[in-house]
Amino acid sequence: MSDGRLATDPAGARAAAEELGFPVVVKAQVLTGGRGKAGGIKLAASADEAEACAHEILGMDIRGHVVTRLWIERASDIAREYYLSLTFDRSAKKPLFMFTTQGGMDIEEVAATSPDALVRLHVDPLEGCHPWHARRLVYDGGVEDPGEQKQIAAIVTKLYDAFVATEAMLCEINPLIVTPDGEVRALDSKFTVDDNALFRHADIAELRDVEAADPLEALAREKGVTYVKLDGEVGVLGNGAGLTMSTVDVVTFAGGRPANFCDLGGGGDAQGVVDALEVITRDEQVRAIFFNIFGGITRCDEVARGILQAIGEMGLELPIVVRLDGTNAEEGRRILADAALPNLSTEATMLDGARRVVELAG
Amino acid sequence: MAILVDTDTRLVVQGLTGSEGRFHGLRNRSHGTNVVAGVTPGKGGQDVDGIPVFDSVAAAVDQVGANTAMVFVPAPFAADAMYEAVGAGIRIVICITEGVPAHEMLRLHAFIQGRDVRIIGPNCPGALSPGKANVGIIPAEIFREGSIGLVSRSGTLTYQIGHELTQLGLGCSTIVGIGGDPIVGSSFIDVLALFEADEQTEQVVFVGEIGGDEEEKAAAFIEAEMSKPVVGYIAGFTAPPGKTMGHAGAIISGSAGTAQAKKEALEARGVRVGTTPTEAAQIVAEIARA
């Protein structure tokens, strides 16, 4: 890595730059990729320029992430740009190294245009990463300078260690550069970690950028609701990821535009339904809501009670279409029928429910 | 004869003394599953509604002849429970627990290669052979006994399709949920091979979703290895790229993993694909009647 300093305001950036010596690079620190293209990385030749760059980049919105922190580092002279990553290859069910000396461009483009230039090497997770893996990568990648070979091999081993230690799904160094005097440096990197493993990585969990997420998605996370914002007018609630995805499809095929994907999950108790409705109706585009529930562990009577409770508490007037099947479906339908609310209707099948809600939203 | 679970199943429930384990273990027993034991370290000697609890899977195998394990222990301990079951000689391990770290599954998957062991899950609804045995959380009352094999990455979507089949008067040999995590113990291909070899199964429905390339691999397998008709359904035709749709594995990355690409891969290999659960069930009925 290059020597650098963290800064959170223009004055701090100026001080850091003066300490490091010029030229410096001012980089946005956000939890997403594509910051270079978005203008979040700038070169500064003087203290005034560094301060001006910091002023410009702070507060910038990069793919929904607002920049609040900057990394100031001494600019590196670049002789060559390489690419190195380690991903979780779901298909082979093994970690996969990818390395190419044709850095500086989109890796998917390298894979498509010159596949021979991209070295791919799987690691057996029980064997772990050994020096031979690193040697294979540098030899097959065509790195000829012995000094470079040695430095890259060391980085390969460390990257694997970090992949295992942080339980990452992706570790990418792009670009991995070589300076004119032969020094190899990781100029930028991106890590994605496994949400399921965060319980034992409190330090990483803390980094989660809650503020930056879509406000509705942030609210959903806070309430423990699985919610993905889409662009339409039909609110969609299902139980289980597969059925909910399928419901989003069926609403679209019926001519509607789903406003969201919202999975009540396995439980789906009354409070869970209230929380989910609160998130969905916060989206002002929503004009009608479709509940598609197939009870397994989820009990349809609980869902029905949750719907009535939410309507009561929130004074909901939006039309709601409900389809219930599976565990305690009859009781659930009876609870809804007894309530006899004007904006609440039930349909017998998923398709009929989708058609009805699209009509109501139209 | 159905696959994975049947009247020969002698089930040990790891985590039987927990609330979920107890509820579903007893529910499985009431469906006729031979639940012979529970395992909770430190609670050996107790019983759950007459089912003996042991400290270890090995003791359950030795003393009551358990041959199949269902894992209901919390996620941080689930991989340990699966290793323990495999170590005790259990050949079929079905893990219902969700939230198991992916790196642990990576190592476990490598560990079982070359061993005569089948792991289903994690984060799955389990396996049900109607009229014979139910291991997991699939509501048995939705399904009828019959000749259709059903394999799926999802839980409730499987119930939806099973319900549609039942409405059309069709029954199932076995319903298997393989789970929606990035790495699961058994893939579509593993389960398709079991259905191909099963005498009771005459036709197979397989329910995929966006993300990964398991459906594409299954398509190649179906063309090369399967004599029985297979009908596909894929969820997520209208899912936006780059967003995880509930299941950790259900994400379109770049142009890879779209439902349309999966449908085309299947159709190119002669597998008919429904775009809604209803349509998929209707295709199955058409083939069954032909």
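Bear in mind these aren't lab numbers, they're just calculated from the coordinates by the rules spelled out. The shown structure was predicted, so the numbers you read here are calculated from the model rather than taken from an experiment. Reconstructed Cβ throughout: ideal geometry from the backbone, glycine too, with neighbour counts over all protein chains shown.
Could you estimate the translational diffusion coefficient of the stretch B:143-290 from the Stokes-Einstein equation, with Rh from the Kirkwood formula over C-alpha pairs, at 37 °C and 0.692 mPa s, in whole µm²/s? Before the final figure, lay out each step's value.
Working: Rh = 15.0 Å.
Reported coefficient: 219 µm²/s.
As an exercise, find the ratio Rg/Rh for the protein assembly as shown from alpha-carbon atoms, using the Kirkwood inverse-distance average for Rh. Here Rg/Rh amounts to 1.00.
Work out the mean other chain Cβ neighbour count within 10 Å for the residues of B:224-237 and drop it here as an integer. Don't skip to the answer; put the middle values down first.
Working: counts 0, 0, 0, 0, 0, 0, 0, 0, 0, 2, 3, 10, 8, 7.
If you average over the peptide's residues, the count of other-chain Cβ atoms is 2.
Annotation: average projected area of chain B is 14.0 square nanometres, based on the convex hull of Cα atoms across all directions. Take each residue in A:186-197, count the other chain C-beta atoms within 10 Å of its C-beta, and the mean is 3.
The reciprocal of the average 1/r between distinct C-alpha atoms defines the Kirkwood hydrodynamic radius, which for the stretch A:1-91 equals 13.7 Å.
Anything over 29 Å Cα to Cα? Flag those among A:Lys190/B:Lys263; A:Lys93/A:Lys190; A:Lys42/A:Lys229, in the order listed. Don't skip to the answer; put the middle values down first.
Working: A:Lys190/B:Lys263 32 Å; A:Lys93/A:Lys190 21 Å; A:Lys42/A:Lys229 32 Å.
Check vs 29 Å cut-off fails for A:Lys190/B:Lys263; A:Lys42/A:Lys229.
Starting from the Kirkwood radius over alpha-carbon pairs of the stretch B:22-151, derive D by Stokes-Einstein at 10 °C in a medium of 1.306 mPa s and give it in µm² s⁻¹. Approximately 104 µm²/s, per Stokes-Einstein.
Per-residue ellipticity at 222 nm for chain B, helices alone: DSSP H runs ≥ 4 residues times -39500 (n - 2.57), over residue total, nearest 500 deg cm²/dmol? Mind showing how you got there, number by number?
Details: 9 runs with 101 residues, N = 290.
Dividing the helical sum by the residues of chain B leaves -10500 deg cm²/dmol.
Computed from phi, the 3J(HN,Hα) profile of the stretch A:58-67 under the Karplus parametrisation 6.51, -1.76, 1.60 (θ = phi - 60°) reads 4, x, 5, 9, 10, 6, x, 10, 8, 7 Hz, with x in place of Gly and Pro. Report the relative contact order of the stretch A:137-274, percent, no decimals, based on alpha-carbon pairs under 8 angstrom and at least 6 residues apart. For the stretch A:137-274, the relative contact order is 15 percent.
Loop sites only, by DSSP: take the GluC sites (Glu not before Pro) in chain A that have at most 15 other C-beta atoms within 10 Å and name the longest stretch containing none of them. The answer is A:1-126. Which whole-angstrom value gives the distance between the alpha carbon centres of the stretch A:220-254 and the stretch B:28-69? Measuring centre to centre over Cα atoms gives 39 Å.
If both residues of a DSSP beta bridge must be in the protein assembly as shown, then about 50% of such bridges are antiparallel.
By DSSP, the beta bridges lying fully in chain B are antiparallel in about 20 percent of cases. Using a cutoff of 8 angstrom between alpha carbon atoms and counting only pairs six or more residues apart, the relative contact order for chain B works out to 14 percent. Along each principal axis, taking the top coordinate minus the bottom one, the Cα set of the stretch A:294-362 gives 33, 29, 18 Å in descending order. Of the trypsin sites (Lys or Arg not before Pro) found in the stretch A:29-73, those in coil by DSSP whose Cβ has at most 10 other Cβ atoms within 10 Å are A:Lys37.
Simple rule: put +1 on each Lys or Arg Cβ and -1 on each Asp or Glu Cβ in the protein assembly as shown, find the dipole, and look at A:Pro125, A:Ala205, B:Ile234; the Cα lying farthest toward the positive end is B:Ile234. Pairs of Cα atoms nearer than 8 Å and 6+ residues apart set the relative contact order; for chain A it is 11 percent.
If you restrict to DSSP beta bridges whose two residues both lie in the stretch B:1-123, what percentage is antiparallel, to the nearest 5? If we restrict to bridges inside the stretch B:1-123, about 10 percent are antiparallel.
Our helix-only sum for chain A, with -39,500 (n - 2.57) per DSSP H run of n ≥ 4 divided by its residues, gives a mean residue ellipticity at 222 nm of -11500 deg cm²/dmol.
A Gaussian network model of chain A, with springs between Cα atoms under 10 Å, assigns the largest mean-square fluctuation among A:Asp203, A:Asp269, A:Asp48 to A:Asp203. Evaluated with a Cβ-only charge set (Lys, Arg +1; Asp, Glu -1), the protein assembly as shown carries a dipole of roughly 860 debye about its Cα centre, given to the nearest 20. Spatial offset of the stretch B:70-144 relative to the stretch A:100-136 amounts to 33 Å, using the alpha carbon center of each.
Rounded, prolate or oblate: which fits the stretch A:48-202, taking a ≥ b ≥ c as square roots of the Cα gyration tensor eigenvalues, rounded meaning a/c under 1.5, else prolate when a/b beats b/c?
Details: a/c = 1.85, a/b = 1.22, b/c = 1.51.
Judged from the Cα gyration tensor, the stretch A:48-202 comes out oblate (a/c at least 1.5, b/c at or above a/b).
Database remark: amide H of A:Asp89 closer than 5 angstrom to the amide H of A:Lys94, A:Leu96 (H placed geometrically; neighbours at sequence offset of 5 or more, or on other chains; Pro and chain starts carry no H).
Suppose we take every Cα in the stretch B:1-99 and form the convex hull; what volume per residue is that in Å³?
Details: hull volume 9.1 nm³, N = 99.
In the stretch B:1-99, the Cα hull volume divided by residue count equals 92 Å³.
Couplings 3J(HN,Hα) of the stretch A:28-38, computed from phi: 5, 9, 9, 8, 7, x, x, 6, x, 4, 7 Hz, in residue order, whole Hz [Karplus 6.51 cos²θ - 1.76 cosθ + 1.60, θ = phi - 60°; x for Gly and Pro]. Amide H to amide H, with H built 1.01 Å from N, B:Thr33 comes under 5 Å of B:Asn134, counting only residues 5 or more places away or on other chains.
Need one number: the % of Cα-Cα pairs in the stretch B:68-225 sitting beyond the 29 Å mark. The proportion of pairs with Cα distances above 29 Å equals 14 percent.
Here is the size of chain A from its Cα atoms: Rg then Dmax, 26.2, 80 Å.
Remark: mean inter-chain Cβ contacts per residue of B:178-186 equal 2, using a 10 Å Cβ-Cβ cutoff to other protein chain atoms. Which residue, B:Asp213, B:Asp190, B:Asp49, has the most motion in a Gaussian network model of chain B that connects Cα atoms within less than 10 Å? Judging by the Gaussian network model, the answer is B:Asp49. The aspartates and glutamates whose alpha-carbon is closer than 14 Å to the alpha-carbon of A:Lys27, local same-chain residues fewer than 8 away aside, are A:Asp3, A:Asp9, A:Glu49, A:Glu51, A:Glu56, A:Asp61, A:Glu73, A:Asp188.
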